[in-house]
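Visitor: The structure is given below, and queries will be raised subsequently.
Coordinate-derived values only; no laboratory data. None of these values were measured; they are calculated from a predicted model. Here the Cβ positions follow ideal geometry from the backbone for every residue, glycine too, while neighbour counts run over all protein chains shown.
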Amino acid sequence: MHEMALACEVVEQVTRLAEAEGAAGVSRVTLRLGVLSGVERGAFEFAYPAAAEGTVLAGAELAMEEEPAAVLCRRCGRRTEPEVPFPVCGACGSTDVDVVAGRDFTIRSVELEFEGP
Ligand SMILES: [Zn+2]
């Protein structure tokens with residue numbers, strides 16, 4: 001399951017960050033999910049709690065932002081944001097396009113918790 005591997009990777013990266021910062025816990029993790037990334041949001045949200053269990057992320061809130069797709073057309077040169085989940089120029093309908101946004105799956109921000117002095 002692709003999403004399970006991704007969830008584990010997110011947990012691993014955030015855990016490393018929390019350790020590096022000396023944080024006591026993580027309160028919130030925000031992920032950015034490109035609509036063309038191939039990651040299924042529902043599947044990820046299903047896999048995440050299992051991956052986070054027993055880690056510093058266990059009680060953290062998971063927030064996901066969707067990144068819309070954007071393509072740069074090689075035929076007409078325009079940059080459009082196609083609504084359909086596959087890359088096609090919104091201006092002329094050409095499929096000869098470069099995808100310039102919407103393919104990434106990234107950790108956008110992490111809110112850490114620190115113990116009082
Ligand atoms: Zn075009």
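Visitor: Express the C-alpha Rg of segment 55-116 as a ratio against the empirical globular expectation 2.2 N^0.38 Å, rounded to two decimals. Intermediate values should be presented prior to the final figure.
Guide: On the way: Rg = 17.8 Å, N = 62, 2.2 N^0.38 = 10.6 Å.
For segment 55-116, the normalised Cα radius of gyration is 1.69.
Visitor: Using the Kirkwood radius built from alpha carbon pairs, what does the Stokes-Einstein equation give as D for segment 41-83 at 25 °C and 0.890 mPa s, in µm² per second?
Guide: Working: Rh = 13.4 Å.
The estimated diffusion coefficient comes to 183 µm²/s.
Visitor: Would you mind calculating the gained length between GLU66 and THR95 on full extension (0.36 nm times residue separation, minus the Cα-Cα distance), in nm to one decimal? Don't skip to the answer; put the middle values down first.
Guide: Working: separation 29, 0.36 × 29 = 10.44 nm, distance 2.27 nm.
My answer for the length gained is 8.2 nm.
Visitor: Can you list residues from other chains, or at least 5 along the same chain, whose modelled amide H is less than 5 Å from the amide H of ARG28?
Guide: The list, which skips near neighbours in sequence, is GLU61, GLU111.
Visitor: Using the alpha carbons of segment 1-66, what is the convex hull volume per residue in cubic angstrom, as a whole number? All intermediate terms of the calculation are to be shown ahead of the outcome.
Guide: Details: hull volume 5.1 nm³, N = 66.
Convex hull of Cα atoms, per residue: 77 Å³.
Visitor: Something else now. State, as an integer percentage, the relative contact order of the chain based on alpha-carbon contacts under 8 Å between residues 6 or more apart.
Guide: Details: 228 pairs, mean separation 41.2, N = 117.
It comes to 35 percent, rounded to a whole number.
Visitor: Would you calculate the separation in nanometres between label points at ARG103 and GLU40, each defined as 7 Å from the Cα along the Cα-to-beta-carbon direction?
Guide: 2.3 nm
Visitor: With +1 on each Lys and Arg Cβ and -1 on each Asp and Glu Cβ, how big is the dipole of the chain about its Cα centre, in debye rounded to the nearest 20?
Guide: Values: 10 positive and 20 negative charges, 140 e Å.
In debye, rounded to 20, the chain gives about 680.
Visitor: Return the long-range amide H neighbours of VAL97 (sequence gap of 5 or more, or a different chain), with a cut-off of under 5 Å between placed amide H atoms.
Guide: ARG74
Visitor: For the charge dipole of the chain, defined by +1 on Lys and Arg C-beta atoms and -1 on Asp and Glu C-beta atoms about the Cα centroid, which residue among GLY25, CYS73, PHE46 has the Cα displaced farthest towards the positive pole?
Guide: Comparing the listed Cα positions along the dipole, CYS73 ranks first.
Visitor: If you don't mind, another one. Distance from a point 7 Å along Cα→Cβ of CYS76 to each backbone N in segment 12-39: keep the residues under 14 Å and list them by number.
Guide: none
Visitor: Please list the non-local residues whose amide H lies under 5 Å from the amide H of GLY102, H modeled 1.01 Å from N, same-chain partners needing a gap of 5 or more.
Guide: Amide H to amide H, under 5 Å and 5 or more residues apart or across chains, GLY102 pairs with ALA70.
Visitor: Quick one: Karplus J couplings for segment 48-65, per residue in order, coefficients 6.51, -1.76, 1.60, θ = phi - 60°, nearest Hz, x for Gly and Pro?
Guide: Along segment 48-65, the couplings run 4, x, 5, 5, 7, 4, x, 10, 5, 8, 3, x, 6, 7, 10, 10, 10, 10 Hz.
Visitor: Same structure again: Let me know the Rg and Dmax you get for the chain when you use only its Cα atoms, in Å.
Guide: Answer for the chain, Rg first and Dmax second: 17.7, 60 Å.
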